[in-house]
Structure formats: structure tokens, C-alpha cells
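In what follows, a structure is listed as C-alpha cells, so that the remarks can point back to it.
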Amino acid sequence: MDSRIQNKYGQENNSSVVELSEKDFDGIKLNHPDFKNKYTLLKIYAPWCGYCVRMTNEMNHLGRELPKRNIGVATINYEQNKELVSKIGSKGFPSMFIVDKSGKLHETLMGGRTLKEMLVSIKFKTKELDN
């Protein structure tokens, strides 16, 4: 595989972050069994995107820690899922979403993309969706 499009997540990379593909969606609704009835942080990334690459460690950290709080963590590799990303309507990289408990995607701004800023955004968005 071309190193520019190699995954940085998934079990093959010793990551708890789940790599998603078209088969994990019903249209644009997430239906992967690991994320049923729970919030999920979803990052759409391009392997060649500098911001995306710089977020890899933070996403892997969140992939280890957020499931302890019943929040899933997943990614979609644009290079491997262009049609899905187009359906979702991602406008740039990285695109960050909070997926609600029914599987609906809600685009979410993550501020400066530091771990702290992402945690604040996740907390705010999940609280907003609970109301």
C-alpha cells in the first residue's frame, strides 16, 4: 500500500480507534455494532493532511480513554472512502463529528485540536445533544 494512504488507526496499527468504511453506514447513518446507543467521536482524515497527521497521537489517546466513558472513537480515511466522505459532505480535513446515539452525524468544531480543546468540544456537543 502507498505509504501516503496507509492507515494510522485500527487494530493493524495497535490503535483502539476503529477505521470505518462504507459497510459501517446505512446511507450516512453510522450503524457499526460497536457504536450502537452511544456517542462516538468521528474524524474524517486524509493521510497527506498535515493537521490530520498531527492529531494522530491525540486521537489514539482518545481511542484508549473515551470508551471508558462509553464514547466510541472512529475514523474514516478519505483516500480509501472517497464516495462515503462525499455523501457525508465533508468539506475539509480533518472533519470532526459527534455521532449521536441513533447514528446521526453532527459536525463539530474542535478549536485548536489539542487534547484539551477536543475534550471540551466533545463534552459540550454531547451535553447539547442530550437536551
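The values are calculated or read from the model by the stated rules, or taken from the named source; none is laboratory data. Note that the coordinates shown come from a computational prediction; the quantities given were computed from them, not determined experimentally. FYI the Cβ positions are ideal-geometry reconstructions off the backbone, even for glycines, and counts take in every protein chain you see. Remember, those area values only see protein heavy atoms, side chains included, never the ligands or the DNA or RNA. Shrake-Rupley method; radii C 1.70, N 1.55, O 1.52, S 1.80 Å.
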### Task
Would you mind calculating the gained length between Asp26 and Asn57 on full extension (0.36 nm times residue separation, minus the Cα-Cα distance), in nm to one decimal?
8.2 nm
### Query
Which of the trypsin sites (Lys or Arg not before Pro) across segment 1-91 are loop residues per DSSP, with 10 or fewer other Cβ within 10 Å?
Lys91
### Task
Compute, for Phe25, the solvent-accessible surface of its heavy atoms (probe 1.4 Å) with the complete set of protein chains present, and express it in square angstrom to the nearest 10.
20
### Message
Keeping all protein chains in the complex and leaving out DNA, RNA and ligands, what accessible area do you get for Tyr45 with a 1.4 Å probe, in Å² to the nearest 10?
### Response
0
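Within 12 Å, Cβ to Cβ, of Leu119, how many net charges do the neighbouring residues add up to if Lys/Arg are +1 and Asp/Glu are -1?
Details: positive: Arg69, Arg113, Lys116, Lys123, Lys125; negative: Glu58, Glu65, Glu117.
So the surrounding residues net to +2.
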### Query
What net charge do the residues around Leu129 carry, taking every other residue with its C-beta under 14 Å from that of Leu129, with Lys and Arg at +1 and Asp and Glu at -1?
+2
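In Å, the Kirkwood hydrodynamic radius of segment 1-86 over pairs of distinct alpha carbons?
Kirkwood radius, segment 1-86: 13.2 Å.
Below 12 angstrom from the Cβ of Ile98, what's the summed charge of the other residues (Lys, Arg +1; Asp, Glu -1)? The partial results should precede the final answer.
Numbers: positive: Lys38, Lys43, Lys101, Lys104, Lys123, Lys125, Lys127; negative: Asp100, Glu107, Glu128, Asp130.
Residues near Ile98 contribute +3 overall.
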